Amino acid sequence: MNNRPEWLQPSRCIYSKQYGTIQINTIIGENLHFRKGNISQVIFNWREEIEQGNLTPVQNALSPRSLIYQQIASELEGRNKLAHCDIIPEQPANYQPIPENVHPAVSKALTQLGINQLYSHQIQAWSAYNQSSDIILETPTSSGKSISFLLPVIHECLKGNSCIIFFNLKALAFDQEEKIKEFINLLPEPIRPAILNINGDTPSQERKKLYTHKPSIICVTPDVWNHELTNYQFDNYNFIETLRKISIITVDEAHYYGGIFGSNFALLNRRTQLLIKLAGSDISKLQYIFASATISNSQEIAQKISNRKSNFTVISQSGARKAETTFISLKPQNSTLYATAEIAASLVSKDVVGICFCDSREMVKTLTQTIRKILTENGLFNLQNSISAFYANLKNNQRRKIIADIKSGEIKFIVSTSALEAGLDLGCIDAVLICKYPGSILSFRQRAGRAGRKEEGLVVFIPSKQSILDSYYSKNPERLLTDPPEVINFNPNFENLLACHILACCKESRPTINQISKHFGQTGLAIANQLLQENKLVYSFNSKLACARNLGYVHGDIKIRGSKSNNINYINTSTGEEFEQSAVNTALREVYPNAIYTAQDFDGNPVWYKSSELKIQEGQAFLKPIGQTNLFTRPQGLIKFEEVKTTGEAKSIKLPMGVIKLTHKICNISESVSGYRLYNRESKWTCPNQDCRNHNQSLASKLQNCSICNSELTDKDIIQLVEEVLYKEALTISCSTSCLQIEIDRQARNFFKSKVEQIRLPIKNQKYIPKEERELFEYKETDICIHSLAHQLMLALPLVEHGASSKDIDFMLYEEPTQPNLVGYFFDTVEGGTGMCNTLFQYLEKAVSRAKLLVENCPCKHGCSNCTVIYRCPDDNTAISKQVGLLILQNLIQQEVQIV
């Protein structure tokens, strides 16, 4: 053994400073062969590594808690489930003394809270505040962002000013209010500011009485603040005086303000700024503080929301301590539910406090019960009640009890939706389980950031076999920690939203036309003039604009998070539960009466429903579970586009031959479903010879060749029309929405034709051509290229923008006889727009890159719902090809995009 240490033996786990915990395969001479997850590697000259302290027994290198995590990794490896295990070293805290210019009473309060020093990023924020800079805080979850913005907020109150803190959720406002109160109540009462939690649970007349002459910290959600601004029109003196004193606006969890929510919030801020100015304050001295997870375009979003072009001080380097973290990734699982429940039960039995994130309330409830069941089966009856479910619509007292119980140790494990992804300070969490890829790098890091705040942490990623991205990140788990996060995007100049906010603004404060122009820009000015022509706005005294009285309560027309009337809830008639939601035009094509609809269960397996009723006005679709079936339906109907106007800039993509032009439009879209066709799909052994009588006939599988023409039999899906149904009255919807017109000139069409021919060539000589490849010969080349590319770009949008959904955008080719070029339209699926066309236009290059990643990593041959097929497609997924789309994507990446 050449004096080899006893602990250095094959099959043993040891600790390497370079590789973390590794398992020895064998030792040959001076070379140590080991496994790290699925990878076998070599350490050369193991003796030297031991002498330098780079190789040690696991128990000498790791804490007891880290040993538990390594034990879990070993158990997973033994069951052939482990794909990756790594140890992320501890990040020590970077402390600095509390600055001398912090008010003595505030400094004392910090000490009473146990804070004797500040993190470096908190000092940076304090310094930026004192330099009158706007601030963006982009540090991880639980890094002390609240203290970073509370210090400036409290000092403004000590100067006699007031501040607004916007929270994206009411529950978060309640939770943070308690934290702020804990701090504020340590200040001497004479200088203590008032904390006003303005929420919808308090009647509006009572809310009006909350405003005082005292400096105040207003905790509010955008939804409530939209209505609260009406106080100005009723000359509520205390409210106006509070507005006049506002010197800081803080936006917590700023990364949630995307899409329509972001658009409405930006316009709400413009109204707020105007009222602050009308109340007598200088808004140029107003400071903004944004607290956000790391996103790729934080300055852009901060500028859109604050309506200013100033250079923000971006603070992204956290000084908070981050404990050593063990990062485990499993191999893709058939059942993520049971795999997750097993790990959770193991953690609970080992007294590790943890949280598991899921993406639906139903999954949370089912997983909670499964964990309890496993604990019972293992004889750990006493631990059943230490598991708790957590989701957004719990009552406030329930939420607070669960949070208090996990902090006290009564609860050991929480199964949660994204409701606990950010905001609450849960420093007691040791382990985080992430059940399936949550849809964005940003969300993954928000969730993973919960682990290891105080003691050594554990992050476990449980990927699903049914997802391309799950499989991709299972093979490349390090990218979950290193890939750049997605962008947040919205358009603050949606015309229909601008019109609603300008009407509300004129109802609140009666501004002049020049004030409208200054705060809402040239687009706002044009809309105000249009509203004057329509008599929705009228001039009052001193050339001020007032909202027409007959319009009533216009603030109610503003749906801050998007109009719920444009959404359809899918209801399972067997359980009465809502299991999905979609835009109304998507529902029209998916769940029309008698439609067969395929959804997914928790593990990504198909579940079949039949639509019994679609109530568009009520926003409900009722679907009955029917079990597995070979039947499917396709809607029969029409979509018509009517261009209203061109908005914004255009882009052109110069191809090796020709140009693709993209132009923003506002269009009126009319869509109808007049009936449906019912088909049966059946796998059969059949003759592939189209001239043979046995072609597409079901033949005995034991035969190898056709009995008539002797062609070799093949197994293929035979699709047969069963029934065609026309409704007595067509279902019709219409809306005005944002579109992206795609024009392809003649040279570009020739370029696309050459690319399709490139793929057709090897197929022509095949003995049997499957249906998916036959479509390459049945449709126009340009139609195939554009349709395939459009689908792949739409499916990739969630990889571009955090919170985006491919259901928020659609595409169709649209023949226009007056147009010499081929025309297609991307269009937002909600009245007025969702922002998806804007995101595709603004981040086109990134969308192309992410689509290429998505399609290249999909294991399917011809295209599936993960990479190419969109079942609600208005063109019924005809003229699409995964290979053609990928070839065009590869060409687009190399091309130049120009603004025209």
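Just so it is clear, none of the values below were taken in a lab; they were calculated from the coordinates. For clarity, every value in this text was computed on a predicted model and none was experimentally measured. No Cβ is skipped: glycine too gets one built from the backbone with ideal geometry, and neighbour counts run over all protein chains shown.
For region 438-453, take each phi angle, set θ = phi - 60°, evaluate the Karplus expression 6.51 cos²θ - 1.76 cosθ + 1.60, and give the result in whole Hz per residue in order, putting x for glycine and proline.
x, x, 7, 4, 4, 5, 4, 6, 4, 6, 4, x, 6, 7, x, 6
Once you have the alpha carbon radius of gyration of region 52-106, what is it after dividing by 2.2 N^0.38 Å, with N set to its residue count?
Details: Rg = 20.0 Å, N = 55, 2.2 N^0.38 = 10.1 Å.
Here the answer is 1.98, to two decimals.
What number in nm² do you get for region 505-557 if you take the convex hull of its Cα atoms and divide its surface by four? Before the final figure, lay out the partial values.
Working: hull surface 14.1 nm².
Approximately 3.5 nm², given one-decimal rounding.
So for region 13-61, considering every pair of alpha-carbon atoms, how many percent are separated by more than 14 Å? Before the final figure, lay out each step's value.
On the way: 521 of 1176 pairs.
Summing the P(r) tail past 14 Å for region 13-61 gives 44 percent.
Treat each spin label as a single point 7 Å out from the Cα along the C-beta direction, and report the Glu856 to Lys159 distance in nm.
5.2
Rounded to the nearest 0.05, what FRET efficiency do Ile708 and Asn630 have when you use their Cβ-Cβ distance and R0 = 30 Å?
0.70
Can you order the peptides 609-617, 645-653 by their average number of other Cβ atoms within 10 Å per residue, highest first? Mind dumping the intermediate values first?
Values: 609-617: 17.0, 645-653: 15.3.
Top to bottom by mean Cβ count within 10 Å: 609-617, 645-653.
How would you rank 772-779, 10-17, 148-155, highest first, on the average number of other Cβ atoms within 10 Å across their residues? Let's see the in-between values first.
Values: 772-779: 15.0, 10-17: 16.6, 148-155: 23.8.
By packing density, highest mean first, the sequence is 148-155, 10-17, 772-779.
Between Leu380 and Arg79, what is the FRET efficiency for a Förster distance of 25 Å, r being their Cβ-Cβ separation, to the nearest 0.05?
Calculated value: 0.80.
Quick one: net charge of Gln636's neighbours, Cβ under 9 Å, K/R +1, D/E -1? Don't skip to the end; give the middle numbers.
Values: positive: Arg634, Arg677; negative: Glu724.
Summing Lys and Arg as +1 and Asp and Glu as -1 gives +1.
How far is the Cα center of region 125-159 from the Cα center of region 617-687, in Å?
The two parts, judged by their Cα centres, are 48 Å apart.
Please compute the contact order of region 260-347 in relative form: average sequence separation of alpha-carbon pairs under 8 Å and at least six residues apart, divided by the residue count, as a percent. Before the final figure, lay out the partial values.
Working: 25 pairs, mean separation 24.1, N = 88.
The value is 27 percent.
With an 8 Å cut-off on Cα pairs and a minimum separation of 6 or more residues, tell me the relative contact order of region 505-557 in percent.
Details: 46 pairs, mean separation 20.7, N = 53.
Computed over region 505-557, the figure is 39 percent.
Using the Karplus curve 6.51 cos²θ - 1.76 cosθ + 1.60 with θ = phi - 60°, work out ³J(HN,Hα) for each residue of region 88-94 in order, rounded to whole Hz, and write x for Gly and Pro.
Running phi through 6.51 cos²θ - 1.76 cosθ + 1.60 with θ = phi - 60° gives 8, x, 4, 9, x, 5, 10 Hz.
Would you please name the trypsin sites (Lys or Arg not before Pro) within region 520-595 that are DSSP coil residues with at most 14 other C-beta atoms within 10 Å of their C-beta? Before the final figure, lay out the partial values.
Values: sites: Lys536, Lys544, Arg549, Lys559, Arg561, Lys564, Arg589; in loops: Lys536, Lys559, Arg561.
Answer by residue number: Arg561.
Which residues among region 127-165 fall inside the zone where the amide N is under 16 Å from a point 7 Å beyond the Cα of Arg321, along Cα→Cβ?
Within reach of a label on Arg321: 142-144.
Return a whole-number percent for the relative contact order of the chain, with Cα pairs under 8 Å and 6 or more residues apart as the contact set.
Details: 1803 pairs, mean separation 85.0, N = 900.
Relative contact order comes out at 9 percent.
Rounding to the nearest 20 debye, state how big the charge dipole of region 505-557 is about its Cα centre with +1 on each Lys and Arg Cβ and -1 on each Asp and Glu Cβ.
Values: 6 positive and 3 negative charges, 32 e Å.
The dipole magnitude comes to about 160 debye.
Give or take rounding to whole Å, what are the principal axis extents of the alpha carbon atoms in region 95-315, in descending order?
That works out to 48, 43, 32 Å along the principal axes.
Calculate, in whole percent, how much of the Cα-Cα pair population of region 665-752 lies beyond 17 Å.
Values: 2690 of 3828 pairs.
Counting pairs separated by more than 17 Å, the tail of P(r) holds 70 percent.
Which of the trypsin sites (Lys or Arg not before Pro) found in region 395-443 are in a DSSP loop and have at most 14 neighbouring Cβ atoms, other than their own, within 10 Å? If you can, show how the numbers build up before the last one.
Numbers: sites: Lys395, Arg399, Arg400, Lys401, Lys407, Lys412, Lys436; in loops: Lys395, Lys412, Lys436.
Counting only loop positions with at most 14 other Cβ atoms within 10 Å, the trypsin sites (Lys or Arg not before Pro) in region 395-443 are Lys395.
Quote the FRET efficiency, to the nearest 0.05, computed for Thr732 versus Tyr871 with a Förster distance R0 of 22 Å and r equal to the Cβ-Cβ distance.
Values: r = 21 Å, r/R0 = 0.97.
Here the calculated transfer efficiency is 0.55.
Tell me the net charge near Asn396. Cut-off is 14 Å between Cβ atoms, Asn396 excluded, with +1 for each Lys or Arg and -1 for each Asp or Glu. Intermediate values should be presented prior to the final figure.
On the way: positive: Lys170, Lys395, Arg399, Arg400, Lys401; negative: Asp175, Glu177, Glu178, Asp201.
Value of the local net charge: +1.
Mind running the shape call on region 799-870? Use the C-alpha gyration tensor, a ≥ b ≥ c as the square roots of the eigenvalues: rounded below 1.5 for a/c, prolate if a/b tops b/c, oblate otherwise. Display every interim value, and only then the final one.
Working: a/c = 1.85, a/b = 1.29, b/c = 1.43.
Oblate shape, in that a/c is at least 1.5 and b/c is the bigger or equal ratio.
With a/c under 1.5 counting as rounded, go ahead and sort the chain into rounded, prolate or oblate using the C-alpha gyration tensor (a ≥ b ≥ c being the square roots of the eigenvalues; past the cut-off, prolate if a/b is larger than b/c, else oblate). It would help to have the intermediate numbers written out before the result.
Values: a/c = 1.82, a/b = 1.09, b/c = 1.66.
Because a/c hits 1.5 or more and a/b fails to exceed b/c, the chain counts as oblate.
Under 1.5 on a/c is rounded, so check that first for region 167-294, then, if it is not, pick prolate when a/b is larger than b/c and oblate when it is not; a ≥ b ≥ c are the square roots of the alpha carbon gyration tensor eigenvalues. Show your work: numbers first, answer last.
Values: a/c = 1.33, a/b = 1.06, b/c = 1.25.
Rounded shape, in that the Cα axes give a/c under 1.5.
Counting other beta carbons within 10 Å of each Cβ, put Leu442, Leu8 in order, fewest first.
Working: Leu442 24, Leu8 17.
In increasing order of surrounding Cβ atoms, one gets Leu8, Leu442.
Looking only at the chain, where both bridge partners belong to it, what percent of the DSSP beta bridges are antiparallel (to the nearest 5)?
Within the chain, antiparallel bridges account for around 70 percent of the total.
In whole angstrom, how far apart do the alpha carbon centroids of region 380-427 and region 248-319 sit?
31
List every residue whose amide H lies under 5 Å from the amide H of Leu426, counting only residues 5 or more places away in sequence or on a different chain, with H placed 1.01 Å from N in the peptide plane.
none
Please order Cys163, Cys860, Cys706 by the number of other Cβ within 10 Å, starting at the fewest. Walk me through the numbers on the way to the answer.
On the way: Cys163 26, Cys860 15, Cys706 21.
Exposure proxy ranking, most exposed first: Cys860, Cys706, Cys163.
What is the order of His121, His555, fewest Cβ neighbours within 10 Å to most?
Details: His121 24, His555 17.
Sorted ascending by nearby Cβ count, the order is His555, His121.
Using only Cα positions of region 325-482, each an equal point scatterer, no hydration layer, compute I(q)/I(0) via Debye at q = 0.09, 0.10, 0.11 Å⁻¹ and quote the log10 values to two decimals.
Log10 of I(q)/I(0), two decimals: -0.25, -0.31, -0.38.
Count neighbours as other Cβ atoms within 10 Å of each site's Cβ, and list the trypsin sites (Lys or Arg not before Pro) in region 664-722 that are DSSP loop with at most 13 such neighbours. Write down the numbers at each step before the final one.
Working: sites: Lys665, Arg677, Arg681, Lys684, Arg693, Lys702, Lys716; in loops: Arg693, Lys702.
Listed in order of number, the matching sites are Arg693, Lys702.
Treat each spin label as a single point 7 Å out from the Cα along the C-beta direction, and report the Gln690 to Gln41 distance in nm.
The modelled label-to-label distance comes out at 5.5 nm.
Arranged from highest to lowest average of other beta-carbon atoms within 10 Å per residue, in what order do the peptides 248-259, 123-134, 735-746 appear?
Details: 248-259: 24.7, 123-134: 18.5, 735-746: 21.5.
Ranked from most to least packed, the peptides come out as 248-259, 735-746, 123-134.
What distance in nm lies between label points placed 7 Å from Cα along the C-beta direction at Tyr237 and Tyr779?
About 7.0 nm separates the two model spin labels.
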